[in-house]
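Report on one structure; see the data block that follows.
Quick note: the coordinates plus some simple rules give every number you see, no bench work behind them. These figures come from a predicted structure and were not determined experimentally. With ideal geometry, Cβ positions are generated from the backbone for all residues, glycine too; neighbour counts draw on all protein chains shown.
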Amino acid sequence: MKKTLIYAHRGASKIAPENTLPAYQLASESGADGLEIDVQLTKDRVPVIIHDESVHRTTNGTGFVQDYTLEQMKKLDAGSWFSTNFSDCSILTLDEFLCWFQPLSMVLNVELKTNVIEYKDIELIVYNALKHHQMLDRTVLSSFNLNSITKIHDIDPNVQTAFLTSTKRYNLEKFAKHHGASSLHVKYRLLDKRLVKQCHSISMPIRVYTVNRPLYMQKCFKLRCDGIFTDVPHEAVEYRQKF
Ligand code: G3P
C-alpha cells in the first residue's frame, strides 16, 4: 500500500523562517519526502520564493514583491522577524533553490502565488526553470487560480498540476480535472472518506494542507491520502512511523 507523502510546508517552518534555506535544509534532514515552495515574480520578472504578496510580514521591508527588483529584494533580511539567529537569511530565487534541491532525492510542490496578483507569464517562466533543472518529473505545480492550472496544462499536459482549494463543491475532483488539474490539494477541513474515494476513483491524487495536529495527521494516513503539507515535518515523519 502506498504511504502518504509528507511535504514540508514552506520548509520546516515551525523551527526556521518560512521559505528560507535553513527551513528547507532542516526539512530535508527531517525525513520528509517533499518540500513546498511559494513562487512570485520580482519587478524585473525573476521568480522568487516568498508566500505573501507584500514583504512586510516575513522581511524587514515594506511594499509588494512585484515592486522590488531582484537586487533590492536580495538586500532584505528574511530571517530576523522569526529569530535573530536567522538574521543573515535572504529571499531565495527559484534558480538558487533548484540548484540546491536538484541533487536531493525528494519531490517538490511549487505553488504559483497567482490568486491575488496574476503575474504575467509566471507559468511559463517557472515551467522553463523546472525544465532547465530537470525537475519536471518530480514536481507538482499548484495554484488556487484555475487560470494558472489551465495555462500549465496547455504548456505541457504531462506536468503534474494541482488545484488548491478550501471551498466545498459538488464533484470537486471532476471540476479540477476539467480545468487541467491532475491532482487536488484541499484544506484539511474539506477532507472526508467520500472525497478521497471520489478522487481515487478517477486516479486523481489528493493531498491535504496544512496538517500540523496528530489527530489530522492520523485521519490523512488512515484515509490513505496521497500527501500532506505540514509545518512540522519532523513530527509528521515520527508519527507516520508509529502509525
Ligand atoms: O500548498 C499548500 C498550502 O501552501 C496552501 O496554502 O496559504 O500556505 O499558500 P497557503
### Summary
A careful count of residues in the range 130-154 that are of a type outside the set (Ser, Thr, Tyr) and in contact with a strand residue (DSSP E or B) (Cβ under 8 Å, 6 or more places away or on another chain) gives 11
### Message
Quick test for you: out of 58, 4, pick the one residue that is within 13 Å of the ligand (Cβ to nearest atom), more than 13 Å from the chain's Cα centre (by Cα) and within 23 Å of residue 209 (Cβ to Cβ).
### Response
58
### Query
Are there any pairs with C-beta distances below 6 angstrom linking a residue in the range 115-128 that is polar (S, T, N, Q) to a residue that is in a loop (DSSP other than H, G, I, E, B), with the two at least 6 apart or on different chains, and if so which?
115/144; 115/145
### Query
Condition test on residue 139, is it under 18 Å from residue 22 (Cα atoms), within 16 Å of the ligand (Cβ to nearest atom) and either surrounded by fewer than 17 Cβ atoms within 10 Å (Cβ to Cβ) or touching a residue at least 12 places away in the same chain (Cβ under 8 Å) (or both)?
no
## Note on the structure
Given (1) of a type outside the set (Val, Ile, Thr); (2) under 29 Å from residue 116 (Cβ atoms); (3) within 18 Å of the chain's Cα centre (by Cα); (4) away from the ligand (no atom under 16 Å from the Cβ), residue 178 misses just (3)
## Note on the structure
Among residues of the range 212-243 being part of a loop (DSSP other than H, G, I, E, B) and closer than 20 Å to residue 160 by Cβ, the residue farthest from the ligand (Cβ to nearest atom) is 224
### Query
With 16, 12 as the choices, which residue is small (Gly, Ala, Ser), in contact (Cβ under 8 Å) with a residue 40 or more places away in the chain, part of a loop (DSSP other than H, G, I, E, B) and more than 15 Å from the ligand (Cβ to nearest atom)?
16
### Query
From 33, 88, 52, 38, which residue is within 15 Å of the ligand (Cβ to nearest atom), under 25 Å from residue 233 (Cα atoms), without any contact (Cβ under 8 Å) to a residue 40 or more places away in the chain and among the acidic types (Asp, Glu)?
52
#### Entry: Selected residue (only one of 218, 160 is among the polar types (S, T, N, Q) and touching a helix residue (DSSP H, G or I) at 6+ places or on another chain (Cβ under 8 Å))
218
## Note on the structure
Counted residues in the range 191-209 being surrounded by fewer than 18 Cβ atoms within 10 Å (Cβ to Cβ) and either within 16 Å of the ligand (Cβ to nearest atom) or part of a loop (DSSP other than H, G, I, E, B) (or both) come to 3
### Query
Looking at (1) in contact with a strand residue (DSSP E or B) (Cβ under 9 Å, 6 or more places away or on another chain); (2) of a type in the set (Val, Ile, Thr); (3) under 30 Å from residue 184 (Cα atoms); (4) surrounded by fewer than 23 Cβ atoms within 10 Å (Cβ to Cβ), which is the one condition that is false for residue 62?
(3)
